[in-house]
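J.: My questions all concern the structure below.
The values are calculated or read from the model by the stated rules, or taken from the named source; none is laboratory data. On a predicted model such as this, the values are computed, not experimentally measured, just so you know. A quick note on method: Cβ atoms are made from the backbone with ideal geometry, for glycine too, and the neighbour counts reach across all protein chains shown. Quick note on the areas: whole protein, heavy atoms, side chains included, nothing else; ligands and nucleic acids left out. Shrake-Rupley method; radii C 1.70, N 1.55, O 1.52, S 1.80 Å.
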Amino acid sequence: MKNRSGISLRQFYIMTFGLTIGTSILIIPSGLAHTAREDAWIAALCSLLMNLVMVILYLAVARLYPGKDLYEILEAGFGKWVGKIISLLYLFYFMILTGTLLGDLGFFITSEILPETPIEAVQIIFLTAAIVSVSSGIVVFARVCELLFPWVLFLFLILVLALIPKIEWNHIKPVLEGGLPPVLLGGYQSAVFQELIVLMTFLPLVRKPKSGERAFLLGTFTGGMVLSLIVLLSLLILGIEQTENSTFPAYTLAKTINIGNILQRVEGILITIWVLTFFIKISLLYFSILKGLQSVFHLLKQDYLIYPLAVLFIIIAWNTYINTVYINEIIAKVWGNFAFIFLVLLPLLLYGLTLLKKTIHRLRTK
């Protein structure tokens, strides 16, 4: 990874914010509406709290291994060989995730915007942008994120202000009609789509580690609040049925904007926000996978892996994202438990094992 040092607090915050929103801004409202119905906005807030708890867990683990990234921590905590095996499992998880995100991107662009464009062309173009980003190094990428961030905020503000006149508060009534279980289930299903553990790869690169922890938490919080606001607006404007049945509710939401027959057809605003945050998320995954391969196999350089990985991502995208029905089935029945292993179970096991080792060592030295 070129330019190993030099990520500022603001840059790390923006990276966290972008990763949190990622592709979630388009797909989360539908899934939450299906599970929690009118209480989807409460489920989104529960998802935010769950993500904050996960980040606190990651930071607790990072404090036990100061200066080490995710893969170095796994090897130090679980031992050399077990740690390498678990690192390879994380790499497999990140690769599948990257391929699926590319598939999601291609499907959205070709189904909603460019129906006559081959899906493969769209995926290759976006992956080319990620290749250029990764080839330039993490510091250059962090600076690009800094340039993109004001546009994301500006466009999001325009989107929200244009939607306010169309709000219908009765669409979120009754509140908690089904009780807390659907809300908590929806929150959990949403939380596993942010994959914030990826940022453990970059936390040691932040110039001020302690302040980096606050940037990690703040980025998670503000990104989660943006997602919660999108879910709330989807319910208040589209209603529960349209939100649940739309493949991309947030895109449908943006298409409803019409102020005096002057400001209309501004769904391009949402597309721009999504494309920018998608670029941040997929680039971060790309960087993390490269770093993981370098760490596991003790490679001196990783640049020559960039293009073979890109080919692998395309192959995964073409073979995993078969259609939306198949993907929705995987998400509903498989992905939540699969992601839970990497986002919660293994970090929790690592934290407990490390504390146990330290306790045993302390007792032996007395």
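J.: Karplus couplings for segment 195-210 from phi (6.51 cos²θ - 1.76 cosθ + 1.60, θ = phi - 60°), rounded to Hz, Gly and Pro as x?
T.: Coupling constants for segment 195-210: 6, 5, 5, 4, 6, 4, 5, 10, 4, x, 7, 6, 4, 10, x, 5 Hz.
J.: For segment 94-102, in order, what is each residue's ³J(HN,Hα) by Karplus, 6.51 cos²θ - 1.76 cosθ + 1.60 with θ = phi - 60°, in whole Hz (x at glycine and Pro)?
T.: 5, 5, 4, 4, 4, x, 5, 4, 4
J.: Right, next: Output the pairs from Lys68/Lys357; Lys208/Lys357; Lys80/Lys358 with a Cα-Cα distance over 23 Å in this structure; if there are none, say none.
T.: On the way: Lys68/Lys357 18 Å; Lys208/Lys357 28 Å; Lys80/Lys358 18 Å.
Distance filter (> 23 Å) returns Lys208/Lys357.
J.: Given a 1.4 angstrom probe, I'd like the percentage of the accessible area of the chain that is carbon and sulfur, rounded to a whole number.
T.: 69 percent
J.: Given a Förster distance of 35 angstrom, what is the FRET efficiency for Leu153 paired with Thr128, based on the Cβ-Cβ distance and rounded to 0.05? Before the final figure, lay out each step's value.
T.: Numbers: r = 26 Å, r/R0 = 0.76.
The computed FRET efficiency comes out at 0.85.
J.: Follow-up. Rg/Rh for segment 76-158: what does it come to with C-alpha atoms and Rh from Kirkwood? It would help to have the intermediate numbers written out before the result.
T.: On the way: Rg = 17.5 Å, Rh = 15.8 Å.
In segment 76-158, Rg relative to Rh is 1.11.
J.: Now a separate question. Please give the residues of segment 223-246, grouped as numeric ranges, whose backbone N is less than 12 Å from a label point set 7 Å along the Cα-to-Cβ vector of Glu168.
T.: 235-243
J.: Between Phe297 and Phe338, what length comes free when the chain is fully extended (0.36 nm per residue of separation minus the Cα-Cα distance, one decimal in nm)? Display every interim value, and only then the final one.
T.: Values: separation 41, 0.36 × 41 = 14.76 nm, distance 2.50 nm.
Going from the current span to full extension adds 12.3 nm.
J.: In the Gaussian network model of the chain, springs joining C-alpha atoms below 10 Å, which of Val152, Val175, Val198 carries the largest mean-square fluctuation?
T.: Checking each option, the largest mean-square fluctuation is seen for Val175.
J.: So what is the calculated 222 nm ellipticity per residue for the chain, using -39500 (n - 2.57) for each DSSP H run with n of 4 or more, over all residues, to the nearest 500 deg cm²/dmol? Don't skip to the end; give the middle numbers.
T.: Working: 16 runs with 266 residues, N = 366.
About -24500 deg cm²/dmol.
J.: When the chain is modelled as a GNM with alpha-carbon springs shorter than 10 Å, which of Ala250, Ala36, Ala162 fluctuates the most?
T.: The residue with the greatest mean-square fluctuation here is Ala162.
J.: Let me ask something else. Under a GNM of the chain (C-alpha, springs under 10 Å), which listed residue has the highest mean-square fluctuation: Ser111, Ser135, Ser295?
T.: Checking each option, the largest mean-square fluctuation is seen for Ser111.
J.: In terms of Cα to Cα distance under 19 Å, which aspartates and glutamates are near enough to Lys84, apart from those fewer than 8 places away along the same chain?
T.: Asp69, Glu72, Glu75
J.: Hey, rough spin-label estimate for Glu177 and Lys358, points 7 angstrom out along Cα→Cβ, what's it come to in nanometres?
T.: 4.9 nm
J.: What is the Cα convex hull volume of segment 19-131 when expressed per residue in Å³? Display every interim value, and only then the final one.
T.: Values: hull volume 15.7 nm³, N = 113.
Here the figure is 139 Å³ per residue.
J.: Explain nothing, just the number: dipole magnitude of the chain about its Cα centre with +1 on each Lys and Arg Cβ and -1 on each Asp and Glu Cβ, in debye rounded to the nearest 20.
T.: Working: 26 positive and 19 negative charges, 410 e Å.
Taking the Cα centre of the chain as origin, the dipole is about 1980 debye.
J.: Looking at the chain from every direction and averaging, what is the projected area of its Cα convex hull in nm²?
T.: Details: hull surface 77.2 nm².
The number I arrive at for the chain is 19.3 nm².
J.: Taking the solvent-accessible surface of protein heavy atoms with a 1.4 Å probe, what is the per residue accessible area of the chain in Å²? Mind dumping the intermediate values first?
T.: On the way: 16180 Å² over 366 residues.
About 44 Å² of surface per residue is accessible.
J.: Scan around Ile7 for amide H atoms under 5 Å from its own, H built in the peptide plane at 1.01 Å from N, and keep only partners 5 or more places away or cross-chain.
T.: Hits under the 5 Å cutoff: Arg207.
J.: Using all alpha carbons of segment 197-325, what is the percent of pairwise distances in each 5 Å bin, ordered from the shortest bin to the longest?
T.: Computed distribution, short to long bins: 2, 8, 11, 15, 15, 14, 14, 10, 7, 3, 1, 0, 0.
J.: Right, something else. About the Cα centre, and with charges only on the beta carbon of Lys, Arg (+1) and Asp, Glu (-1), how big is the dipole of segment 199-304? Nearest 20 debye, please. All intermediate terms of the calculation are to be shown ahead of the outcome.
T.: Working: 9 positive and 5 negative charges, 115 e Å.
Using Cβ point charges on Lys, Arg, Asp and Glu, segment 199-304 gives about 560 debye.
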